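**Student:** One structure, as C-alpha cells, below. Some questions next.
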Amino acid sequence: MKVLVTGVGGQLGHDVMNELAGRNYQGIGSDLAPVYSGAPDGTAVTGMPYVQMDITDKASVEEIVSKEAPDVVMHCAAWTAVDLAEEEGNQEKVRQVNAQGTENVALACKKAGCKMVYISTDYVFDGQGTKPWEPDCKDYAPLNVYGQTKLEGEMAVADNLEKYFIVRIAWVFGVNGKNFIKTMLNLGKTHSQIKVVSDQVGTPTYTYDLARLLVDMAETEKYGYYHATNEGGYISWYDFTREIFRQAYGLGHEEYAPERLSVIPVTTKEYGISKAERPFNSRLAKDKLGKNGFQPLPTWQDALGRYLEKIDF
C-alpha cells in the first residue's frame, strides 16, 4: 500500500508515517516546508520520502497526487490554532487551509481514484448537553471559525468522494509539537498552584495510538464517519491535569509532588473568555469502531503513561 500523508510536520502526520514504516508500507510525507520539518527524533519519518506541497494550491495538489499515484491520501494537515483562527486577519487563511485545501485534496483523490482519510474534530458540533456525539449525527452547529472550516472540509470530502473515512478526534497529544500535556508540565515546574477548567468534558487522543487505527482503516473499505479517541472514560481538563501530575510524580519528578503543586478546578467563565468559544461537551461515541471490526484505542491513562516515558520534561 502506498500512502501520501499531508501535514507530516505535525503531531499526527509524524506518527502516521512511522506506523506505515512499521508495517512496511510505502509512505510519502508532505507539508509546506521544502524538507521535513518535524521532530528530528531519528524515527523512520525523518528519512522517508518527502514532497513539498501547499494544499491551498489546487493545481499543485492535483499534479503531486497524480504523479505519486497513492492508494490512500491521509489528510492530516490543518490549521489547528483555534484562538488565532478567530482573528479577522486570519479567517480567510484558515478557510483556505481547512476548507478549500481539503476540497483540493478530495478532488485530486477523486481524479486519481484513491481513498482519502480526513481528520476532523468534535468542534463541528455545538458542544452542549452531556450525551456523546454519534459519528453519523448531522446536527452540526460549530461554535467558532476552526469548527466551521473543519465542517466545510468534511462536506468537501463527503460531497466529492465515495471512498472516504472522516475521523473526528479530540484533545490531541503527540511527541511532535505543542500540546496540553507539555503546557501543563511546563507550568507545573514554575507554579505551586494551577487553575484548570472542570466543566469541559471529553477524552484525550494519543496520536501514536490513533495512527495505528488510521492505517487499520486505510487497509479496508469500511468507509464513512468515525469517532476515535482513547478509551478510559470521559474526563474534564481538570481531571486530566491531575492525572498528568500524578503520573509525572510517579516517574520520579519531585516538582509535581502533590504537597508542592495543587490543581484548582474552575469553570470556563471563571477561567476567562478565550477568543474562540469552546465546547463543554466533547464526548465522542466510539462504538462504531468495534461494530465495524476496528480495535479501539487503549485507555487514555495508559496512553499518558507511555507518552510521559517517551518525552523529556
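The values are calculated or read from the model by the stated rules, or taken from the named source; none is laboratory data. Remember, it's a predicted structure, so these values are computed and weren't measured experimentally. Cβ placement follows ideal geometry from the backbone for every residue including glycine, while neighbour counts extend to all protein chains displayed. Side chains included, ligands, DNA and RNA excluded: accessible areas come from the protein's heavy atoms. Shrake-Rupley method; radii C 1.70, N 1.55, O 1.52, S 1.80 Å.
**Student:** Tell me yes or no: at least one residue of the range 200-208 is over 11 Å from the mean Cα position of the chain (by Cα), open to solvent by less than 10 Å² (accessible area, probe 1.4 Å) and not aromatic (Phe, Trp, Tyr).
**Tutor:** Yes, the range 200-208 contains a residue that is over 11 Å from the mean Cα position of the chain (by Cα), open to solvent by less than 10 Å² (accessible area, probe 1.4 Å) and not aromatic (Phe, Trp, Tyr).
**Student:** Could you look through the range 1-48, keep only residues that are among the charged types (D, E, K, R) and touching a strand residue (DSSP E or B) at 6+ places or on another chain (Cβ under 8 Å), and pick out the one that is nearest to GLU68 (Cα to Cα)?
**Tutor:** Filtering first and then ranking leaves LYS2.
**Student:** Among the residues in the range 214-223, are any on the phi > 0 side of the Ramachandran plot and out of contact with any strand residue (DSSP E or B) (no Cβ under 7 Å at 6 or more places or on another chain)?
**Tutor:** no
**Student:** Do any residues in the range 156-178 that are over 17 Å from GLN301 (Cα atoms) and in contact (Cβ under 8 Å) with a residue 40 or more places away in the chain have Cβ atoms under 8 Å from those of residues that are crowded, with 22+ Cβ neighbours inside 10 Å and of a type in the set (Lys, Arg), where the two are at least six apart or on different chains, and which pairs are they?
**Tutor:** Every condition considered, the pairs that remain are LYS163/LYS115; TYR164/LYS115; PHE165/LYS115.
**Student:** Would you be able to say whether some residue in the range 230-247 is at pLDDT 95 or above, at positive phi and within 26 Å of the chain's Cα centre (by Cα)?
**Tutor:** Taking every residue of the range 230-247 in turn, at least one turns out to be at pLDDT 95 or above, at positive phi and within 26 Å of the chain's Cα centre (by Cα).
**Student:** Pull out all pairs, ordered by first then second residue, where Cβ-Cβ is under 8 Å, the residues are six or more apart or on different chains, the first lies in the range 28-44 and is assigned to a loop (DSSP other than H, G, I, E, B), and the second is at pLDDT 95 or above and surrounded by fewer than 16 Cβ atoms within 10 Å (Cβ to Cβ).
**Tutor:** Short answer, once both residue conditions are applied: LEU32/GLN52; ALA33/GLN52; PRO34/GLN52; VAL35/GLN52.
**Student:** Which of the residues spanning the range 39-50 are of a type outside the set (Ser, Thr, Tyr) and buried (at least 16 other Cβ atoms within 10 Å of the Cβ)?
**Tutor:** ALA39, VAL45, MET48
**Student:** Would you mind stating whether GLY252 is without any contact (Cβ under 8 Å) to a residue 12 or more places away in the chain, in a loop (DSSP other than H, G, I, E, B) and open to solvent by less than 60 Å² (accessible area, probe 1.4 Å)?
**Tutor:** Yes; evaluated as a whole, the condition is true for this residue.
**Student:** Give me the residue from the range 255-278 that is farther than 14 Å from ILE194 by Cβ, open to solvent by 70 Å² or more (accessible area, probe 1.4 Å) and not basic (Lys, Arg) and, out of that set, modelled with the highest pLDDT.
**Tutor:** GLU259
**Student:** Looking at the range 51-74, which of its residues are out of contact with any Gly (no Cβ under 6 Å at 6 or more places or on another chain), assigned to a loop (DSSP other than H, G, I, E, B) and open to solvent by 30 Å² or more (accessible area, probe 1.4 Å)?
**Tutor:** Residues satisfying the conditions are ASP54, ASP57, ALA69, ASP71.
**Student:** Could you go through the range 281-289 and let me know if any residue there is open to solvent by 30 Å² or more (accessible area, probe 1.4 Å) and not charged (D, E, K, R).
**Tutor:** No, the conditions are met nowhere in the range 281-289.
**Student:** Sticking with this one: Which pairs have Cβ atoms under 6 Å, sit 6 or more apart or on different chains, and link a residue in the range 64-89 that is more than 20 Å from LEU214 (Cβ to Cβ) to one that is of a type in the set (Ser, Thr, Tyr) and surrounded by 16 or more Cβ atoms within 10 Å (Cβ to Cβ)?
**Tutor:** Filtered contacts from the range 64-89: VAL82/TYR146; ALA85/TYR146.
**Student:** I've got another one for you. Given the conditions (1) closer than 29 Å to ASP126 by Cα; (2) not in a strand (DSSP E or B); (3) not aromatic (Phe, Trp, Tyr), and given that GLN247 satisfies all but one, which numbered condition is not satisfied?
**Tutor:** Evaluating GLN247 over (1) closer than 29 Å to ASP126 by Cα; (2) not in a strand (DSSP E or B); (3) not aromatic (Phe, Trp, Tyr) leaves (1) as the failure.
**Student:** Mind counting the residues in the range 138-155 that are touching a residue at least 60 places away in the same chain (Cβ under 8 Å) and open to solvent by 40 Å² or more (accessible area, probe 1.4 Å)?
**Tutor:** Matching residues across the range 138-155 total 1.
**Student:** In addition: Given THR80, THR102, THR130, THR121, which one is closer than 23 Å to LEU284 by Cα, among the polar types (S, T, N, Q) and touching a His at 6+ places or on another chain (Cβ under 8 Å)?
**Tutor:** That would be THR102, the only listed residue that is closer than 23 Å to LEU284 by Cα, among the polar types (S, T, N, Q) and touching a His at 6+ places or on another chain (Cβ under 8 Å).
**Student:** Which members of the range 10-32 meet the condition of being under 21 Å from ASN179 (Cα atoms) and open to solvent by less than 30 Å² (accessible area, probe 1.4 Å)?
**Tutor:** GLY10, LEU12, GLY13, HIS14, ASP15, VAL16, MET17
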